[in-house]
Structure formats: structure tokens, C-alpha cells
Amino acid sequence: MLPPKILKTLIKEIKVDAKSLRAAQAKALKLKKGLEEVLIMENIIDETGLYEKAAEILKFPFVALKGKEIKKEIINLIPGPVAGTHQVVAFDKDKDTIKLAMTDPTDIQTIEFLRRKTGLEPKVYITAPSDLREALRQYHAQLEDDLQIVQDAGGEVGTGDLKKAAEELPIINIVNSVLEHAVYENASDIHIEPGEKEVTIRYRIDGILKPVMTLPKTIQNGITARIKILSNLKLDEHMVPQDGRFKIQIQEEKLAFRVSLLPVYDGEKIVMRLLHEGAKPLSLDQLGFLDKPRKIVENAIKKPHGMILVTGPTGSGKTTTLYTVLGILNQPGVNISTVEDPIEYRMAGVNQSQINPKAGFTFASGLRALLRQDPNIIMVGEIRDQETAEIAINAAMTGHLVLSTLHTNDAPTTLPRLIDMGVPPFLVAYTANIIVAQRLLRRICPYCKQEFALDKTASDELAKAFDIKKLPALFKEYAGIKEGKDFVFYQGAGCHRCGQTGFKGRQGIYEIMEIDSGLIKKINERANANDIRDYAREHGMLTMLEDGLIKARMGVTTISEVLRVTRE
């Protein structure tokens with residue numbers, strides 16, 4: 001699909017009449033489709049003519065791919081997932097040059113990536129989307145060939161032939177394709193789910209599960225066996241859960257896959273978590289902290305002792321936040337030790353250990369051992385019980401800076417939760433420095449981002465969650481935006497770079513509660529979460545909903561995404 005600015009220019013050049021254009025815009029909004037797609041669908045614009053005109057204006061050559069034979073070794077220079085996601089195919093090459101057909105030749109990132117990957121100089125051509133779709137079918141044909149080879153080899157793989165099946169080239173190709181596709185789609189998890197008649201593969205992308213392919217039931221055992229061999233798991237065990245791990249390298253990036261197998265009615269369900277091993281810790285700005293909350297965090301981590309707690313549900317980015325803080329604290333003059341379950345990222349200069357309950361190495365026993373290792377800073381993956389909580393708090397009282405996570409919905413409920421675990425209130429009050437509650441929400445895709453004014457329905461929906469009259473002051477204080485008559489927000493129209501979702505990537509929203517003398521008094525009085533929340537709000541604490549609304553006004557995310565995430 002063409003970028004919106006170029007499409008706008010082309011509509012003027014082709015001289016689409018105003019009435020047809022208005023009707024197409026209304027239909028696109030109603031159907032939640034792109035304007036270009038509707039113009040072509042309604043025969044207002046000829047697709048090939050549109051892209052030939054785009055080639056002329058952008059000064060790129062046009063290529064018609066329909067009926068053009070592309071050699072297998074040339075099309076395979078670009079992995080199928082990259083070709084599909086970024087709408088690009090290689091159709092020819094010589095000694096130094098690779099010829100690329102694209103619908104959007106302004107996608108510089110993809111062109112640069114392919115220059116590095118192939119070692120060839122890209123020569124970019126424009127082609128029509130229907131031509132590109134026809135060329136992309138060759139990738140599907142190759143996958144179908146591999147599936148056919150497996151089926152022709154004798155149908156369903158028996159349990160006795162698992163090792164042999166796992167080493168067959170077609171099974172290896174299919175598993176590699178699933179893994180590579182997930183990496184290029186920037187998925188966080190791969191779900192391989194056996195059903196009665198087929199196997200479904202879904203990826204979790206930006207926190208949402210998305211079905212990507214279905215495979216025949218006959219290759220289920222072969223795929224399961226291949227993943228078990230990669231993860232060093234028992235091939236002949238099908239009745240109990242198994243956990244493992246393996247590493248691969250795609251291009252120059254090292255990736256680890258954390259594997260979990262669970263027996264279900266129709267076989268074994270596999271979930272693989274992708275971990276980018278070489279990933280560098282992000283900065284607090286990159287995580288999405290606004291200026292004022294960021295300064296509170298920076299001041300808290302400068303303190304030589306005390307506790308920094310990060311709370312939120314599973315998958316809300318707590319570990320990433322802790323690693324970011326560790327990255328800031330990781331200096332040659334300090335000893336940092338961690339006890340985690342599991343170690344998600346390797347950090348040079350940090351002593352990381354992983355719990356092993358079967359061997360008696362728990363968070364509590366690991367934390368006791370760490371305290372004999374002369375640490376300055378300790379990270380405990382999670383406080384799950386009274387014993388771990390008491391050791392962590394005592395460590396914070398005896399001159400250590402302790403970082404940990406806890407499963408609570410917001411910052412104010414964390415303090416009563418620790419007290420409910422059996423930790424004396426005075427210990428909680430005098431050791432906690434700050435509590436950071438967080439969620440992850442999806443960012444608007446920058447390539448198809450557009451403005452929109454809140455209509456009455458959206459305003460009413462927002463008013464149920466928040467007092468709209470407070471918004472102008474909030475936006476002015478935290479984003480420096482002076483509001484006019486109407487609130488302007490943003491949304492993604494949907495394009496090939498974001499898979500037509502309108503979102504690309506994720507960012508955190510935060511609620512940071514600083515423990516001051518007033519809060520210490522309330523904790524010692526065993527105040528409930530509502531009293532603590534009221535006090536913190538009166539003294540300037542920004543809630544996650546407010547943080548999200550500010551980011552929606554700044555164009556980072558959408559109002560609906562903020563409401564979705566904060567309601568959970």
C-alpha cells in the first residue's frame with residue numbers, strides 16, 4: 001500500500017471527482033479499510049494505473065510481476081516472513097545488484113535491511129499489490145511442497161519414528177519457517193496448538209494473539225519431536241509437562257526460545273517465549289516514562305538502600321523495567337547479584353542465578369546465599385511468599401538496594417499486600433522507596449497514523465472512566481499542550497507495515513508512588529488501599545489511566561487502547 005501522503009498526491013493527479021472520493025472515504029471508515037483499498041475495490045481507480053503513476057511521480061521504474069517466472073534461488077534471497085510483512089520480493093539479480101519489487105519504495109528500513117542481508121545493492125521497482133500477492137504465493141507453494149513430502153512419506157508420524165521424523169528436511173524446514181516468521185513478525189510468544197483435525201499456530205504480537213497458519217494433523221508428531229530435540233527434552237514422554245530452552249541465530253541476532261510443553265486432549269500444546277539475548281537495556285525514556293515520573297524513579301535508584309518494587313500482571317513488562325534500572329546501576333564500583341526465574345536476558349557485569357526448586361534453590365534460599373556474596377544491589381525476580389518478602393525487606397534495612405516484582409493491580413494495593421503476607425507494617429514503611437505499577441499498551445503505527453476528533457460516543461465512553469474536565473490541565477502540565485475547543489487524538493488507519501492493525505510496538509503506562517513521611521504514617525496505622533490511594537493522589541501521584549490519556553493526546557497510542565488496558 002502507498003503511504004497516505006503519496007496517495008493524496010496521486011488522487012489529485014488522477015483527478016478523482018470529489019463526490020466519489022467522499023463516498024470512498026466514508027466507506028473506508030465504515031469498513032475499517034484503507035482508502036486506497038476501497039478506491040480500487042469500487043473501481044474508482046485502476047490499480048495498475050495508480051501504481052504506474054506512482055512510479056512516474058516517485059521516479060522509480062515500474063515492473064509487472066503477473067506471469068513473470070522468478071527463479072527459486074532468487075525469491076529465496078528474501079525470507080518469506082520478511083517478504084510478506086514488508087511487501088517486497090526479489091525477482092532478479094546479477095553479480096552486484098538485487099532487483100526488488102515493492103508497493104512502497106519509501107520503506108528505507110527494509111531496503112537497508114536487505115542490503116545488509118544479501119550483500120547486494122538493491123535496485124527498487126514499484127509493482128501493484130495484486131502482482132506482488134501472486135509472487136508471494138511462491139513462498140506458500142514451497143511450504144506446501146514440504147507438507148506434501150511429509151504426507152507422501154507415509155502419512156502420520158508414529159511415536160516410534162519420532163527421532164527419524166524430527167530429522168527429516170521438510171519437518172526441519174517447516175519448524176524453521178515458523179521460528180523465522182515469528183522473529184520477523186516481532187512476536188513475543190509462539191503457540192502451537194493441536195486440534196482434532198489440524199494444528200493451529202498463533203503468535204502473540206504486541207500482546208495480542210494472532211492466528212498465522214494451520215498445518216495438517218499428520219505432521220503434528222514430527223513438529224513436536226523436532227522442538228523436543230532442539231530443547232533437549234524427552235521424546236517418549238507425552239503425559240507430563242516439560243520445560244526446556246534452545247538458541248538459534250537469525251542474521252546476526254542471537255535468540256533464545258523458552259519452551260513449555262503441556263499435554264492436552266489432542267496432543268501436546270507447545271508455547272515458546274522469544275528472548276533476544278543480545279538486547280541492550282532500554283532507557284527510562286524509551287520505556288515510556290514521562291519527565292516528572294522519570295525523575296522520581298531516577299531519585300529513588302540513587303539511594304544506597306531500600307526497596308524498589310515493580311508491580312503488575314504477568315506480561316506487563318515488569319522484568320524489562322527492572323533490567324533497565326539494573327542497566328543504569330551497573331557500574332564497575334558495585335556488586336549486583338540477582339536471583340531469577342528464569343534468567344530472561346544476560347547482562348555483562350551482573351551475577352545472575354536461576355532458581356531450581358527441585359534442588360531446593362528457591363527465591364528465599366537464593367536470596368540468603370546472595371547476602372553472603374557481599375552485594376550492593378540485589379534483584380529478586382518475584383516476591384511470592386512471606387519468607388522471601390521478609391529476607392528482601394531485611395536486606396533493604398541492612399544497607400542493600402533491593403529490586404523486585406509483585407503481582408498487584410496498582411501501586412496502592414502493594415503495601416497492604418506485603419502486610420497481609422505477614423511482614424510487620426513498620427518494616428514495609430521504612431524500607432520501600434517507590435512502587436511502580438505498570439501495564440503495556442500498543443503504540444500507533446507511525447506509517448499510517450492520522451488525527452481524529454472525539455465524537456460524542458467516544459466522549460461518553462471516556463467520561464465513564466475519567467472526569468473529562470480535568471484533561472486540559474493534565475495535558476498542559478505533563479505534555480505542554482494547550483487545548484482548544486476540541487480534543488485531538490490519533491489512530492492508525494492500518495497498513496502493510498503493521499499488518500492492517502494500526503498498531504506497531506508497545507510502550508508502558510505507569511503509576512509511581514513515592515513513599516514519604518505521610519505515607520509511612522498511614523502504613524504504620526494499617527491504612528487500607530483506598531486511603532493510601534487517596535493520600536497519594538492528593539500528593540501528586542499520576543494514575544495509569546491518566547498516564548495513558550496523556551500518551552494518547554501525545555499521539556503515542558489510542559484512547560480505546562488506554563481504556564482496554566486500564567480496565568483489565
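Packing here is the average count of other Cβ atoms within 10 Å per residue, and on that basis the peptides 428-439, 14-25, 525-536, highest first, run 428-439, 525-536, 14-25.
Quick one: of LYS72/LYS254; LYS5/LYS53; LYS33/LYS66; LYS68/LYS95; LYS449/LYS504, which pairs are farther than 18 Å apart, Cα to Cα?
LYS72/LYS254; LYS33/LYS66; LYS68/LYS95
Leaving out same-chain residues fewer than 8 places away, which aspartates and glutamates sit with a Cα under 16 Å from that of LYS8? Cα-Cα hits under 16 Å: ASP17, GLU36, GLU37, ASP46, GLU47, GLU52, GLU56, ASP104, GLU451. Angle of helix 108-118 to the longest C-alpha principal axis of the chain, folded into 0 to 90 degrees and rounded to 10: 80°. Once both axes come from the Cα atoms, what is the angle between helix 18-31 and the longest principal axis of the chain, in degrees from 0 to 90, rounded to 10? The answer is roughly 50 degrees.
DSSP beta bridges fully contained in the chain are about 65 percent antiparallel.
The distance from the alpha carbon centre of segment 452-483 to that of segment 262-278 is 41 Å, rounded to a whole number.
Considering only alpha-carbon pairs that sit under 8 angstrom and 6 or more positions apart, the relative contact order computed for segment 284-566 is 22 percent. Rolling a 1.4 Å probe across all protein chains gives LYS456 an accessible area of roughly 150 Å².
Ordered by packing density, taken as the mean number of other Cβ atoms within 10 Å over each peptide's residues, highest first, how do 354-363, 316-325 rank?
Averaged packing, sorted descending, gives the order 316-325, 354-363.
Taking all Cα pairs closer than 8 Å and separated by 6 or more residues, the relative contact order of segment 463-567 comes to 31 percent. Calculated mean residue ellipticity, 222 nm, the chain: -12500 deg cm²/dmol, from DSSP H runs (n ≥ 4) at -39500 (n - 2.57) each, averaged per residue and rounded to 500. By how many degrees, 0 to 90 and rounded to 10, does the Cα axis of helix 529-538 deviate from the longest principal axis of the chain? Value to nearest ten degrees: 80. The Cα-based radius of gyration and maximum Cα-Cα distance (Dmax) for the chain are 27.1, 78 Å. Here the peptides 282-292, 302-312 are ranked by packing, the mean other Cβ count within 10 Å, and the order with the highest first is 302-312, 282-292.
The values are calculated or read from the model by the stated rules, or taken from the named source; none is laboratory data. Every value quoted in this text rests on a predicted model; they were computed, and no experiment measured them. Backbone-built Cβ (ideal geometry, glycine too); neighbour counts: all protein chains shown. SASA here: full protein model, heavy atoms, side chains in, ligands and nucleic acids out. Shrake-Rupley method; radii C 1.70, N 1.55, O 1.52, S 1.80 Å.
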